[in-house]
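One structure is given below, encoded as C-alpha cells.
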Amino acid sequence: MHEDTDPEPAARIHDTLMRGQGFDFVDAATMRAWLETTGPLDDWEDFAGSWNRLATDSYLARLGKHRRRRHAVFSLDGVDTPAPAIRRQPHQPHYQTLDYNPLQGDIERWFEPVEDAVATSRSLGTILRHCQRFFGALAPRVARWHTEVHQFRIEARAGTPGLPTPEGRHRDGVDYVLVLLIDRENIASGTTSIHAPDGTEIGHFTLTRAFDAALVDDRRVFHGVTAVEALDPDAPAHRDVLVVTLRADDRADQPR
C-alpha cells in the first residue's frame with residue numbers, strides 16, 4: 001500500500017509495479033488524488049448513488065445467486081492517437097468463452113444498460129480518461145481499446161453470502177482491468193487474491209474505502225474475490241464496485 005497522494009510519483013510507482021508483477025493495489029487517498037489530476041469528480045455523489053438503481057442480474061439469478069449490475073461499452077483511442085477520444089458504443093451483449101468463465105461462458109449476456117446520466121457523468125469520464133492514459137502508457141502501440149464498463153452490487157443476505165466472483169479464480173479475457181470500490185455497507189470479507197498462472201497466490205488485499213482500487217494485467221495473472229457476509233443479518237449489506245476492462249480493439253471480435 002502506498003499513502004503518497006502526489007499523483008505524479010503515484011503514477012510512476014504504480015506503472016513500475018504493474019510492469020513488474022502484473023497487478024497493484026491503490027489506496028483510496030492516492031487513487032482519488034490521481035483521478036482528480038485527470039478530470040473532475042464533482043458529481044461523485046450522484047454517480048455513486050446510481051448503484052441504488054441497478055437491475056437484477058437475471059443470468060445469475062437463474063443459478064440461485066444474486067447480484068445487480070448494469071453494462072456499457074466504450075471505444076477509447078490509444079494514447080498516441082491525435083486528440084485521443086472516448087466514445088460510447090451501441091448497447092451490446094457481454095460475452096466470454098467457457099475458457100474464461102466456466103460458469104456462464106459461451107452466452108451472450110444482455111444486461112440493462114448503464115444509465116445515460118451515468119455514462120455522460122463527469123466522474124465516469126474522468127475514470128475512463130484515467131484508464132486510457134494509465135493503461136495506454138503500458139501499451140502505447142494500441143490504437144484503440146474496446147472498453148467495457150460494469151456496475152456491480154453484490155448483496156449479502158441473512159444466511160446467504162454474496163459472491164463477487166461466482167466463477168471462482170479467473171481471468172476476464174482482456175488486457176487490463178480496473179476495479180474501483182464505490183461503497184461497502186455492513187459486510188465482512190471480500191478479499192481480492194491474485195494468482196500466477198500455476199495457481200500460486202502472489203498477492204491479496206481488501207477494498208474497504210471508496211476509491212480503493214485494484215489494477216490488473218489480465219494477460220498475466222488470475223484474480224478472485226472471497227464471499228461477503230452481512231455483519232448484521234437484519235440490515236442491508238452490499239459491496240458496490242465499478243469494473244472497467246480494456247482490450248486492444250484489433251482483438252475485439254475474437255473469442256474471449
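The values are calculated or read from the model by the stated rules, or taken from the named source; none is laboratory data. Computed from a prediction, not measured in an experiment: that's the story for all the values here. With ideal geometry, Cβ positions are generated from the backbone for all residues, glycine too; neighbour counts draw on all protein chains shown. The area values use the complete protein model at the heavy-atom level, side chains included, leaving out ligands, DNA and RNA. Shrake-Rupley method; radii C 1.70, N 1.55, O 1.52, S 1.80 Å.
Between residues in the range 25-41 that are touching a residue at least 24 places away in the same chain (Cβ under 8 Å) and residues that are among the hydroxyl-bearing types (Ser, Thr, Tyr) and outside any loop (DSSP other than H, G, I, E, B), which pairs lie under 7 Å by C-beta distance while being six or more apart or on different chains?
If the second residue must be among the hydroxyl-bearing types (Ser, Thr, Tyr) and outside any loop (DSSP other than H, G, I, E, B), the pairs left are LEU35/THR126; THR38/THR126; GLY39/THR126; PRO40/THR126; LEU41/SER123; LEU41/THR126.
Of the residues PRO84, PRO40, PRO102, only one is in a loop (DSSP other than H, G, I, E, B), modelled with pLDDT under 95 and either farther than 18 Å from LEU180 by Cβ or not hydrophobic (A, V, I, L, M, F, W, C) (or both); which?
After applying the criteria, what remains is PRO102.
Hey, any hits in the range 55-64 for a residue that's open to solvent by 70 Å² or more (accessible area, probe 1.4 Å), modelled with pLDDT under 95 and hydroxyl-bearing (Ser, Thr, Tyr)?
Scanning the range 55-64 turns up no residue that is open to solvent by 70 Å² or more (accessible area, probe 1.4 Å), modelled with pLDDT under 95 and hydroxyl-bearing (Ser, Thr, Tyr).
Within the range 42-55, can you find the residues that are in contact (Cβ under 8 Å) with a residue 40 or more places away in the chain and either in contact with a helix residue (DSSP H, G or I) (Cβ under 7 Å, 6 or more places away or on another chain) or not acidic (Asp, Glu) (or both)?
ASP42, ASP43, TRP44, PHE47, ALA48, SER50, TRP51, ARG53, LEU54, ALA55
With the structure loaded, tell me whether ASP183 is in contact with a His (Cβ under 9 Å, 6 or more places away or on another chain), closer than 20 Å to ALA156 by Cα and part of a strand (DSSP E or B) or whether it fails that test.
yes
Of everything in the range 193-229, what is surrounded by 16 or more Cβ atoms within 10 Å (Cβ to Cβ), part of a strand (DSSP E or B) and touching a residue at least 60 places away in the same chain (Cβ under 8 Å)? Give them in sequence order.
Those that are surrounded by 16 or more Cβ atoms within 10 Å (Cβ to Cβ), part of a strand (DSSP E or B) and touching a residue at least 60 places away in the same chain (Cβ under 8 Å): ILE194, GLY203, PHE205, ALA213, ALA214, LEU215, VAL216, ASP217, HIS223, VAL225, VAL228, GLU229.
Determine whether GLN89 is farther than 29 Å from ALA10 by Cβ and either of a type in the set (Asp, Glu) or modelled with pLDDT under 95 (or both).
Judged against the criteria, GLN89 is not a match.
Filtering the range 1-27 down to residues that are crowded, with 18+ Cβ neighbours inside 10 Å and under 19 Å from the mean Cα position of the chain (by Cα), which residue is modelled with the lowest pLDDT?
The extreme case among them is HIS14.
Exactly one of (1) out of contact with any strand residue (DSSP E or B) (no Cβ under 6 Å at 6 or more places or on another chain); (2) free of Cβ contacts under 8 Å to residues at least 24 places away in the same chain is unmet by PRO236. Its number?
Checking PRO236 against (1) out of contact with any strand residue (DSSP E or B) (no Cβ under 6 Å at 6 or more places or on another chain); (2) free of Cβ contacts under 8 Å to residues at least 24 places away in the same chain, the one that fails is (2).
Which one of GLY136, GLY168, GLY162 is at pLDDT below 90 and buried (at least 21 other Cβ atoms within 10 Å of the Cβ)?
After ruling out the rest, the residue left standing is GLY162.
Got at least one residue in the range 109-132 being touching a Gly at 6+ places or on another chain (Cβ under 7 Å), modelled with pLDDT under 95 and assigned to a loop (DSSP other than H, G, I, E, B)?
The answer is no; no qualifying residue exists.
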